[in-house]
Amino acid sequence: MKVVLFCGGLGLRLRAGADDVPKPMVTIGPRPILWHIMKYYAHFGHKDFVLCLGYGGDAIKRYFLDYSECMSNDFVLADGGKRLDLLHTDIEDWRITFADTGAHASVGQRLKAVEKYLEGEPMFLANYGDGLTDLPLDEQIEAFQGRDAVASFLCVKPNLSCHFIALGSDGRIEAIKDGGRSDDIRINGGFFVLRDEIFDHLRPGEDLLGPPFGRLLLSGALHAYKYDGFWACMDTFKDRQVLEDMYARGDSPWEVWKTPRAVVAAGNGHGR
């Protein structure tokens, strides 16, 4: 299936620590988070990408035009540097469509702008350019295929560094709950699975998560895939530092391509 990635966000809350680059190009280790997301999808066999570009789109184009496989693969340098033999490759079998979808467009507008690149695709995947997970993607897709639904997204617990406070009528605090571990609060974690009928529900100028999803909700055609495994969103500079620290100590569960798939699928609790 084709994978649509929304890469046009400004990333304002990341700007102080991101050297003014577009959010999808903020690095985790030697590679931008966009590469990590694409590598994740490629691991499950989905290697045909449509990048919805906006702010900083030129930086994303330049990255792939100048891409060096040597930065993330073992290689042999021989003949005094005249010959380079890659032992593994990353993107040689990827197909990437670079689409300018506007500097200030919403997610829905970006999706509508690339509809022409999805012709003939009865079902496709989509995602933001800032989220990581170790979700067994094929299981989410299988669950979606068995439903009469137009859209599905990952339903996860938020990574919140705050507390929820329950107040009594007299102002007394009755309970304090850690927002990051709340079982009764779930959010949209991206990782969409969509049927092409989504374009029948997406009207000009609308954001995907606004009226279109509202209409799907009322008709029973919107579903969420509940997942309790690893999920993280790089929304702020602090989020980026957490992911950087995890990568530096070798604790990067989103790198499912480094783990046998049977182990990945068996090692995380998830529901539907």
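The values are calculated or read from the model by the stated rules, or taken from the named source; none is laboratory data. What you see is a predicted model; the values in this text were computed from it and never measured. Here the Cβ positions follow ideal geometry from the backbone for every residue, glycine too, while neighbour counts run over all protein chains shown. We work out accessible area using only protein heavy atoms, side chains counted, and drop any ligands, DNA or RNA first. Shrake-Rupley method; radii C 1.70, N 1.55, O 1.52, S 1.80 Å.
Scanning segment 130-147 for residues that are touching a Lys or Arg at 6+ places or on another chain (Cβ under 8 Å) and within 21 Å of V107 (Cα to Cα) yields a single hit, D130. Note on segment 96-118: residues that are out of contact with any strand residue (DSSP E or B) (no Cβ under 7 Å at 6 or more places or on another chain) and open to solvent by less than 10 Å² (accessible area, probe 1.4 Å) amount to 1. Anything in segment 119-149 that is in contact with a helix residue (DSSP H, G or I) (Cβ under 9 Å, 6 or more places away or on another chain), open to solvent by 10 Å² or more (accessible area, probe 1.4 Å) and under 20 Å from V50 (Cα atoms)? List them, or say none. Residues satisfying the conditions are M123, Y128, D130, D138. Per the listing D58, D19, the residue uniquely modelled with pLDDT under 95 and part of a helix (DSSP H, G or I) is D58. Counting only residues that are surrounded by 22 or more Cβ atoms within 10 Å (Cβ to Cβ) and touching a strand residue (DSSP E or B) at 6+ places or on another chain (Cβ under 9 Å), which one in segment 4-16 is modelled with the lowest pLDDT? Among those residues, the one meeting the criterion is G8. The number of residues in segment 87-129 that are in a loop (DSSP other than H, G, I, E, B), in contact with a Lys or Arg (Cβ under 8 Å, 6 or more places away or on another chain) and of a type outside the set (D, E, K, R) comes to 5. Any residue at all in segment 191-210 that's open to solvent by less than 40 Å² (accessible area, probe 1.4 Å), modelled with pLDDT of 90 or more and either polar (S, T, N, Q) or more than 27 Å from G120 (Cα to Cα) (or both)? Scanning segment 191-210 turns up no residue that is open to solvent by less than 40 Å² (accessible area, probe 1.4 Å), modelled with pLDDT of 90 or more and either polar (S, T, N, Q) or more than 27 Å from G120 (Cα to Cα) (or both). Taken over segment 227-249, residues that are surrounded by 16 or more Cβ atoms within 10 Å (Cβ to Cβ) and basic (K, R) amount to 1. Scanning segment 61-82 for residues that are assigned to a helix (DSSP H, G or I) and in contact (Cβ under 8 Å) with a residue 40 or more places away in the chain returns a single hit, M71.
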